[in-house]
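Below: one structure, written as structure tokens.
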Amino acid sequence: MIRERYINAVILALMVIIPIAALWMDEPFTITLATKAVILALAAVGLNLALGQGGLVSFGHAAYFGVGGYAMGILASHAQNYTPLMEVPFLIEGTNQMPVIWLVAVVASALLALVIGALSLRTSGVYFIMVTLAFGQMLYYFAISWPAYGGEDGLSIYVRNEFPGLNTLVPIQFFGLCFAVLCVVLFMVHRLNQSPFGLALMGAHQNEERARTVGINVTRLRLVAFVISGAITGLAGALFADLNRFVSPVMFDWHTSGQIMIFIILGGVARLCGPLAGASLYIILEHYLGGLSEYWQIYLGLILLFVVLFAKGGIVGGLARKEVRHG
Amino acid sequence: MADPVLAVHNISKSFGALKASDNVTLDLMPGEVHALIGPNGAGKSTLIKQIAGGLTPDEGRVELLGRDVTGLSTAARAQAGLSRTFQISALAMGYTPLENVMLGAVGQSGGVFRFFRPVMKDKMLLERAWQALKRVGLEENAHAMTSELSHGQRRQLEVAVALTLKPKAFIMDEPMAGMGAEGSKRLTDFLHTLKEEAPILLVEHDMDAVFALADRISVLVYGKIIATGSVDDIRNHPEVRTAYLGEEDAA
Amino acid sequence: MSTILLIEQILNGLQFGVMLFLMAAGLTLIFGVMGLINLAHGALYMVGAFAAASMAAWSGSFTLALIAALVAAAMFGALIELTVIRRLYKRDHLDQVLATFALILVFSEATRWVFGSFPLFLDMPDALSGTVMLPGGIEYSKYRLTIIIIGLLVALGLFLLIARTRVGMRIRAGENDREMIGALGVDISILYTMVFALGAALAGLSGALVGAIQSVEVGMGEPVLILAFVVIVIGGIGSIKGALAGAILVGLTDTLGRTLLPVLFSTFMDASAATTIGSALASMLIYILMAGVLIFKPTGLFGSA
């Protein structure tokens with residue numbers, strides 16, 4: 001059994017080494033795959049905060065992924081068309097600048113998470129799962145029927161957005177940018193887990209009544225966690241849109257929500273780097289198994305079933321020395 | 001005559017046709033242990049929930065240090081100084097005793113929305129946590145896993161968490177439950193010293209402990225308080241003997 | 001909007017609602033009795049439809065097709081209950097969600113592998129095609145009317161089963177206290193398998209009936225599953241009455257919303273904007289309804305706290 005810290009270091013190291021090796025071997029497609037893994041890992045890091053630490057089984061986190069993606073899509077498409085988003089009551093133009101897009105994505109998803117969270121946290125247990133699922137689908141159907149931004153066909157963005165000081169079209173540079181974002185977020189989440197907030201959140205997950213009787217307003221606590229969680233997943237959505245230069249309603253779909261959950265369960269629920277391991281494994285399966293068979297998802301389903309029934313700790317859980325611990 | 005720390009006035013609660021609490025009035029004076037006894041099904045847990053939080057009475061009010069807390073949530077009452085232990089230990093099983101007590105300290109401090117400082121390095125909170133652990137005698141096991149503690153140790157931990165709340169009053173729901181004679185004696189002695197710090201409303205079935213510890217006893221039968229008085233008053237009260245102690249004599 | 005058109009849409013809403021009820025009833029029964037959330041229910045809907053389409057293509061008989069749907073769905077339901085689902089009863093909801101989601105993946109891809117990606121067609125039986133004249137001069141599809149009738153009969157049957165039979169009594173007891181009825185010597189595992197298979201059969205029947213109006217394709221069960229969840233949230237978990245009320249409410253709201261909202265909006269904005277905004281809002285209407293119920297009665301209309 002290995003200390004979780006070392007496992008995390010290895011995971012992070014692998015995530016960097018592989019694309020660098022690919023650069024050296026002139027395989028840009030691998031770099032793109034690695035970037036995809038990093039971005040999906042980020043989405044899962046967001047969900048893991050609500051789900052793993054908080055115990056909130058949100059089956060509609062794709063809502064925030066989609067909002068982040070469409071924030072990018074809308075802003076960038078207006079920029080590339082040279083038409084403003086809005087003229088009255090004040091002028092809002094599109095933008096190609098990633099930092100601005102990210103800010104909008106984060107704020108928009110946080111706001112949505114606030115509304116959905118406030119409504120959903122009135123329920124618990126199975127209701128909560130179904131309600132978050134339903135809200136996610138609501139956005140999916142809305143995105144399909146709103147024609148302005150492509151509707152069902154989605155929206156293509158012809159240029160990759162800009163980040164000061166980088167040429168974002170170069171695969172390794174874009175990878176580096178995404179990986180840096182992931183690391184910053186991981187660091188923040190790590191500090192969060194160690195903080196009083198984290199102690200309270202995980203404590204309330206284990207025993208809600210106990211948390212209440214020591215004076216913790218559990219609903220408010222969970223709402224804050226939910227909002228932060230949604231904001232992180234939203235940021236990932238914006239990055240994902242930039243990777244593919246394409247957004248579509250599928251980003252809101254519950255299959256996407258399910259996928260994000262799969263990353264978490266494969267990697268290890270509530271583990272800091274679990275989402276990274278899980279997302280990477282998924283990308284590997286998708287690429288290699290998918291190459292062998294069109295019906296690779298059957299195998300994904302069976303693997304998932306196996307992990308849920310028999311290997312609950314996921315990759316990190318299986319390797320790590322201890323149970324998920326605080327502090 | 002001092003003011004009561006905790007006062008319950010005319011609490012009533014019905015579930016459909018069942019009157020679980022029937023015009024209950026009682027109070028808790030500083031420095032006392034006030035025991036609440038009664039046969040099973042008398043409505044003790046319903047009453048406790050209305051006092052500690054989680055269930056709103058149909059009628060009546062609850063006051064803590066003169067302040068009406070009837071409409072407040074469990075968390076708000078805890079913040080006001082009402083500390084509670086549970087009949088079935090309500091602890092975070094995946095945490096160590098230290099983490100559990102720190103949870104109490106964090107809750108009490110109101111600083112739940114602090115995101116960046118490592119909580120387990122917070123000197124002030126740690127000091128309060130260790131103090132609580134030492135008082136119940138658990139400092140040796142502070143880093144064990146709560147799920148691996150013995151039953152008696154978990155009861156001690158329950159009390160420790162209650163202590164971190166800077167309590168003005170304790171509500172203890174069957175703290176002796178499942179403890180052997182040795183453990184019960186120790187806990188009884190401990191509660192004896194504790195009551196000076198904050199009075200205790202004690203729900204208990206262990207009559208030895210009740211008679212050893214209580215300054216006053218109230219008897220709850222079918223949701224109604226049928227008697228309140230000193231240990232001797234209650235021991236000799238005819239209605240109480242039939243309703244409750246009488247059954248024990250026969251057994 | 002003429003009255004006749006309106007009544008026709010109301011009937012369509014009723015028909016939609018009744019089909020949703022079949023899905024929701026199974027789900028809520030499974031949750032009420034076993035405490036299990038089952039995402040694979042949509043896959044069982046699909047299995048029913050595919051079984052019906054295959055049987056109809058082979059035998060030419062719609063009745064046989066419906067029977068095939070019931071049998072196939074019940075069989076697959078029992079199969080997954082015995083192999084996977086029974087390991088989940090004691091697990092937390094996250095595990096149940098993930099495991100049943102995994103089952104969806106397996107079922108969907110397996111179906112695509114066996115039947116290919118193109119939709120199958122299930123033809124309405126000749127006896128039921130065409131329209132029937134209802135009082136008031138309304139012509140309505142015979143088939144859809146039959147669906148409404150079948151659905152209401154099933155609802156009645158379920159009520160009677162639960163309220164009047166011994167099995168129903170065991171189901172109700174199981175809902176209230178799982179450990180108790182095990183202790184009473186009722187063989188819980190058989191009861192659970194039966195309840196699961198019953199829920200599956202209802203889903204399969206729903207899939208087959210709808211398959212004749214829409215196409216039979218992989219993934220057809222998923223939108224219905226989500227709607228069934230909305231129905232349960234609105235109606236209250238564990239309550240068949242709630243499932244019926246919720247389903248009819250959702251069916252009517254959705255169908256009428258889609259027809260009426262664009263019309264409503266066209267009274268004060270131009271036609272194309274009205275259709276766009278109207279249909280966009282209509283597609284969200286049910287969820288807004290659900291949100292409303294959540295605000296005022298978080299445990300659903302007929303649910304208990």
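Remarks
- The 3J(HN,Hα) values that the Karplus relation (6.51, -1.76, 1.60; θ = phi - 60°) gives for segment B:13-28 are, in residue order, 8, 10, 10, x, 7, 8, 8, 6, 10, 10, 6, 8, 10, 7, 9, 10 Hz. Gly and Pro appear as x.
- Degrees between helix C:41-59 axis and first principal axis of chain C (Cα, 0 to 90, nearest 10): 80
- Rounded Å value of the spacing that divides the Cα centres of segment B:1-53 and segment C:50-75: 63
- The 3J(HN,Hα) values that the Karplus relation (6.51, -1.76, 1.60; θ = phi - 60°) gives for segment B:80-92 are, in residue order, 6, x, 8, 10, 9, 10, 9, 5, 9, 3, 9, 10, 7 Hz. Gly and Pro appear as x.
- Straight-line cross-link reach from A:LYS36 at under 19 Å between alpha-carbon atoms covers these aspartates and glutamates, not counting any fewer than eight positions away in the same chain: A:ASP26, A:GLU27, A:GLU162, A:ASP242, A:ASP253, A:GLU286.
- Prolate/oblate/rounded call for chain A, Cα gyration tensor, a/c under 1.5 rounded: oblate
- Cross-link partners for C:LYS297 among the lysines, with Cα-Cα distance under 17 Å and sequence neighbours closer than 8 places in the same chain left out: C:LYS241.
- Loop-located GluC sites (Glu not before Pro) in segment A:1-104 (DSSP state not H, G, I, E or B) with no more than 11 neighbouring Cβ atoms inside 10 Å: A:GLU87.
- Most fluctuating residue given options A:ALA225, A:ALA148, A:ALA22, as computed from a GNM of chain A linking Cα atoms under 10 Å: A:ALA148
- For chain A, relative contact order (Cα pairs under 8 Å, six or more residues apart, normalised by length) works out to 34 percent.
- DSSP-defined beta bridges in the protein assembly as shown - what % are antiparallel, rounded to 5: 60
- The residue among B:LEU82, B:ILE200, B:GLN108 whose Cα reaches farthest toward the positive pole of the charge dipole of chain B, with charges on the beta-carbon of Lys, Arg, Asp and Glu, is B:GLN108.
- Sorting the segments C:117-124, A:172-179, B:38-45 by their mean number of nearby beta carbons within 10 angstrom, highest to lowest, gives A:172-179, B:38-45, C:117-124.
- Given charges at Cβ of Lys, Arg, Asp, Glu: segment C:81-159 dipole, positive-most of C:LEU94, C:GLY157, C:LEU128: C:LEU94
- Amide H contacts under 5 Å for B:ALA35, placed H, 5+ residues apart: B:LEU202, B:ASP215, B:ARG216, B:ILE217, B:SER218
- When only Cα pairs below 8 angstrom with a gap of at least 6 residues are kept, chain C shows a relative contact order of 34 percent.
- Couplings 3J(HN,Hα) for segment C:5-22, derived from phi with the Karplus relation 6.51 cos²θ - 1.76 cosθ + 1.60 (θ = phi - 60°), are 4, 4, 5, 4, 5, 4, 5, 4, x, 5, 5, 4, x, 5, 5, 4, 4, 4 Hz, where x marks Gly and Pro.
- Selected from C:VAL231, C:VAL250, C:VAL218 as most flexible by GNM, with chain C as the system and alpha-carbon contacts under 10 Å: C:VAL218
- Residues in segment B:132-165 that a label on B:ARG67 would reach, taking backbone N under 20 Å of a point 7 Å out along Cα→Cβ: B:162-165
- Of the residues B:ALA177, B:ALA132, B:ALA52, the one that moves most in a GNM of chain B with alpha-carbon contacts below 10 Å is B:ALA177.
- What separates the Cα centres of segment A:184-250 and segment B:74-94 is a distance of 25 Å.
- Pair B:GLU182, C:ARG172: separation of 7 Å Cα→Cβ label points (nm): 5.2
- Segment C:208-238 and segment A:51-125: distance between their alpha carbon centers, rounded to Å: 29
- Selected from C:THR255, A:TYR64, B:ILE48, residue furthest toward positive end of dipole (the protein assembly as shown; charges at beta carbon): B:ILE48
- Peptide packing: for B:227-233, C:67-73, C:47-53, the average count of neighbouring Cβ atoms within 10 Å per residue gives the ranking C:47-53, C:67-73, B:227-233, highest mean first.
- Segment B:1-65, relative contact order in percent, only Cα pairs under 8 angstrom and at least six apart counted: 45
- Average beta carbon contacts from partner chains per residue of B:90-97, 10 Å cutoff: 6
- Candidate lysines for bridging to B:LYS166, where Cα separation is under 29 Å - those fewer than 8 sequence places away on the same chain excluded: B:LYS44, B:LYS49, B:LYS121, B:LYS123, B:LYS134, B:LYS185, B:LYS195
- Across peptide A:307-320, the mean count of Cβ atoms from other chains lying within 10 Å of each residue's own Cβ comes to 2.
- Using a Förster distance of 22 Å, the FRET efficiency for C:LEU64-C:ALA127 (Cβ separation, nearest 0.05): 0.95
- Surrounding net charge for B:SER83, when Lys and Arg each add one and Asp and Glu each subtract one, Cβ distance under 11 Å: +2
- Here the residues B:THR85, C:THR253, C:THR3, B:THR25, ranked from fewest to most Cβ neighbours within 10 Å of their Cβ, fall in the order C:THR3, B:THR25, C:THR253, B:THR85.
- Nitroxide proxy distance, nm - points 7 Å out along Cα→Cβ at A:PHE306 and C:LYS90: 2.4
- Working from label points 7 Å from Cα in the Cα-to-Cβ sense, the B:THR242 to C:SER272 distance is 8.9 nm.
- Estimated dipole of segment A:109-225 in Debye, rounded to 20 [Cβ of Lys and Arg +1, of Asp and Glu -1, Cα centre]: 460
Since every read-out is calculated from the coordinates, none of them should be taken as a lab result. Quick caveat, the model's predicted, so the values are computed rather than measured. Neighbour counts run over all protein chains shown; Cβ positions are idealised from the backbone, glycine included.
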